[in-house]
1. Take the residues in region 175-191 that are touching a residue at least 60 places away in the same chain (Cβ under 8 Å) and part of a strand (DSSP E or B), then tell me which one is surrounded by the fewest Cβ atoms within 10 Å (Cβ to Cβ).
2. State the number of residues belonging to region 87-107 that are within 14 Å of V69 (Cβ to Cβ), open to solvent by 20 Å² or more (accessible area, probe 1.4 Å) and either modelled with pLDDT under 95 or not in a loop (DSSP other than H, G, I, E, B) (or both).
3. Tally time: how many residues in region 146-174 are outside any helix (DSSP H, G or I) and modelled with pLDDT under 95?
4. Based on what the data block shows, is K133 in contact (Cβ under 8 Å) with a residue 12 or more places away in the chain, surrounded by 17 or more Cβ atoms within 10 Å (Cβ to Cβ) and touching a strand residue (DSSP E or B) at 6+ places or on another chain (Cβ under 6 Å)?
5. Say we look at region 3-60 and pick out the residues that are within 30 Å of Y194 (Cα to Cα), at pLDDT below 90 and of a type in the set (D, E, K, R); which of these is nearest to the chain's Cα centre (by Cα)?
6. G113 versus (1) surrounded by 15 or more Cβ atoms within 10 Å (Cβ to Cβ); (2) free of Cβ contacts under 8 Å to residues at least 60 places away in the same chain; (3) not aliphatic (A, V, I, L, M): which is the lone unmet condition?
7. Do we have D73 as surrounded by 15 or more Cβ atoms within 10 Å (Cβ to Cβ) and among the acidic types (D, E) here?
8. Hey, does region 108-127 have a residue that's within 14 Å of the chain's Cα centre (by Cα), at pLDDT 95 or above, closer than 16 Å to Y84 by Cα and not in a loop (DSSP other than H, G, I, E, B)?
Amino acid sequence: MESKGFVYSVLVLFFLGFQGCAAGRLLTDPKPDKDAVAAYARWLVSQNSWGVLNTISIELKGSPFGNVVSFSDGVPNKGIGVPYFYLTTLDPTAKNALKDQRSSFTVSEYPLGTCGNADPESPTCAKITLSGKLVQLEANSKEAEFAQTALFTKHPEMKEWPKNHDFPFFKLEIKDIFMINWFGGPKPLTVDQYLKYKTNKSAIVN
């Protein structure tokens, strides 16, 4: 009977753990207060691992083209707010950016599992769009090395991607920020406020 009880306990713990994983990925930092705008924006970017990157399409003659991509803004707990990407030039997104750098990148709070029962489109489930220029980094530069460490730490599979598919590193030079994390429309936030924000424990929800 004791062995059956032990097995049952293990199964319960496994099930609860599975539910936690299904609800969202494991967060490295707690969720900030919704009124701490810069903190919330940086948290939203640093905790996510993918989003939708929009470029101006060559094939569609100037129409917008959105593509799901992986990204990183730094190693865990040391994000700098700037999204870095590892994109093959065989893909339309990189091709588009090499001709026209105008881009926007959107991430949602929903994949993090912290929206409760809210719909992804609900204002209470935060979303942020960073607009600017998608720039290819100079090969072997210090910033390219930083991007590689940031991306390969968060996405280990990238190390095995075929080198002959031409995967340069890119970053989004942010020019504008649009974020909604509650009712009342987009929160006022400048690029300077966003990039200069430093972790502040007082901004965290208790």
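1. M179
2. The qualifying residues number 4.
3. Counting residues in region 146-174 that are outside any helix (DSSP H, G or I) and modelled with pLDDT under 95 gives 2.
4. Answer is no for this residue.
5. So the residue we want is R25.
6. Of the numbered conditions (1) surrounded by 15 or more Cβ atoms within 10 Å (Cβ to Cβ); (2) free of Cβ contacts under 8 Å to residues at least 60 places away in the same chain; (3) not aliphatic (A, V, I, L, M), the odd one out for G113 is (2).
7. yes
8. no
The values are calculated or read from the model by the stated rules, or taken from the named source; none is laboratory data. Fair warning: this is a prediction, and the values are worked out from it, not measured in the lab. Please note: Cβ atoms are built from the backbone with ideal geometry, for glycine as well, and neighbour counts cover all protein chains shown. Just so you know, the surface numbers come from the protein's heavy atoms only, side chains and all, with ligands and any DNA or RNA stripped out. Shrake-Rupley method; radii C 1.70, N 1.55, O 1.52, S 1.80 Å.
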